[in-house]
Amino acid sequence: MVNADIPANWPSIEPQHGVVQVGKLEHRKLSPVNSDHSNSEITGLQFLVMAVCSLGLSIDLAEVALGSVLSTVMAAPPNAIGSEQLTLLLAAAYVGAIVGAPLFGSLGDVYGRRTMLIAAMLIMAITSLAAGLPQGITHLTILRAVSGLALGAYPPLLFVYLSEILPPARRGTMLMIVIAFANLSPPLVLVAVAWLTPLAPLGIAGWRWAFVVVGIAAAICALMFCLIPESPRWLLQKGKADQLGKIPLMLQGSQASLRLSKEIDASQPLAIQTSAINHEHRRRLVFVLVALFLPAWAIFGFPLLAGPALLQKGVNVKDSLLYVGGSSIAPIAGTIIGSIMIDRYDRRATIVASATVMAIVSMLFAVAQSPFWLVASATVVVLASSLLLPVLLLYAAELFETERRASSVSWGWASSRVSSALMPIALVPILLSNGAIATFSITSAMLLVFVFILLVFGPR
């Protein structure tokens, strides 16, 4: 049986008639399988899927926000630790994420997307609850590293799972809504820690309470994942089509996928040269590794570098925090705007527009002096990045066949994690010695190189 989810040129399975070409081979296209447009409808079960996935992503983002909390708490009395210990503590989660993304992605292709999403939530639950207990800095560092495995695994698995379970016509819109709700968690966590810190209920520090609450939420989320189905496309690819009938309130698109798989069985000759598919897969994988590595310098670098850049411009600490904090609402606005436009335009066009805006406005921020332009430019950059990253991940998920989708996208995400780990090492010294213009010239140049590579090598 040929994979029911082969990308457009491996060959196309779009509901059109005609001939497709793979390398130098031509094959018949399949007849329409969804002419009633039912695949644009959202079922109650899909709304439940979105809610559970959004809760999981909010926990993932809350864990990342708690990493920022630790950087403050552990650098100040009475917890003040040495710089080397602090560096290890903060780097632990990132190292774990670099390892966890490809590891869980590969397992997701073998054992299922939902299975590994549950595993990621359980790891977050255990490590977060343990982090809330009194322990030394060494144990806390180890816990953050193990938690990082799940933190790196969850986002790419989430995009793969939702890309296979949401109807194509509204996939982008619904995914952006999932992200918009999840983006509420970081500010809520920071507010909660600020509120609990002076109270210290039961003599326990506020940041420890935050870890406990996040851990309990992760355990609940793992249980909720048991209520939603495995990816229908993964079930088909693994020859488990009989399990589709066990999914309550059948997902829109699952029946179409099942009919499609039967048509493929009946459509001969439709075999595709394995070597041609493997060559195309390798080409796309290399493209995704580069495509997620380059823009990450700007996406993750701007929030980190904006505060120090403002201080260099003579803005006091209080106002710098106000400017940076004001732009923190931009991700929510960006995902809402993205939900309106993402399915109306080509993925590449949206990515190119977002990256170009980031490159130009980052330079405006670098040269600006007035408060208005500093706040406005910072907000626009963060807004554009909040649109760029999810669309890029969705685009990456749609480039691969079901059999290797999770591992491929996860390797791309690991590439972005490597970039985000290298970025402060390379750019902070440049910012301190050469200033904001030199620093943001580098991130803008990487964005423009990324746009060029996307336009030249990025599949439609």
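Is segment 226-238 home to any residue that is in a loop (DSSP other than H, G, I, E, B), modelled with pLDDT under 85 and not assigned by TED's automatic domain parsing to the domain that holds Gly56? Please lay out each step first, then the result.
Let us first name the residues in segment 226-238 that are in a loop (DSSP other than H, G, I, E, B), namely 226-231, 238.
Then drop every residue that is not modelled with pLDDT under 85, which leaves 238.
Checking which are not assigned by TED's automatic domain parsing to the domain that holds Gly56 leaves us with 238.
Yes, segment 226-238 contains at least one residue that is in a loop (DSSP other than H, G, I, E, B), modelled with pLDDT under 85 and not assigned by TED's automatic domain parsing to the domain that holds Gly56.
For the condition free of Cβ contacts under 8 Å to residues at least 40 places away in the same chain, over 27 Å from Pro155 (Cα atoms) and assigned by TED's automatic domain parsing to the domain that holds Ala396, what is the one hit in Ser370, Ser354? Let's see the steps before the verdict.
On the way: Ser354 fails: over 27 Å from Pro155 (Cα atoms).
Only one candidate passes the filter, namely Ser370.
Here Ala271, Ala309, Ala276, Ala330 are screened, and the one residue that is out of contact with any Pro (no Cβ under 6 Å at 6 or more places or on another chain), modelled with pLDDT of 75 or more and either more than 20 Å from Leu389 (Cα to Cα) or assigned by TED's automatic domain parsing to the domain that holds Thr402 (or both) is Ala309.
Within segment 406-446, being crowded, with 24+ Cβ neighbours inside 10 Å and not hydrophobic (A, V, I, L, M, F, W, C) holds for Ser408, Ser410, Gly412, Ser416, Arg417, Thr439, Thr443.
Consider segment 349-375 and keep the residues that are in contact with a Leu (Cβ under 8 Å, 6 or more places away or on another chain) and surrounded by fewer than 18 Cβ atoms within 10 Å (Cβ to Cβ). The one that is farthest from Arg460 (Cα to Cα) is Trp373. Taken over segment 108-119, the criterion of being touching a residue at least 60 places away in the same chain (Cβ under 8 Å) and part of a helix (DSSP H, G or I) is satisfied by Gly108, Asp109, Arg113, Arg114, Thr115, Met116, Leu117, Ile118.
The values are calculated or read from the model by the stated rules, or taken from the named source; none is laboratory data. From a predicted model like this one, the values you see are computed outputs, not experimental measurements. All Cβ positions, even for glycine, are placed from backbone atoms using ideal geometry, and neighbour counts span all protein chains on display.
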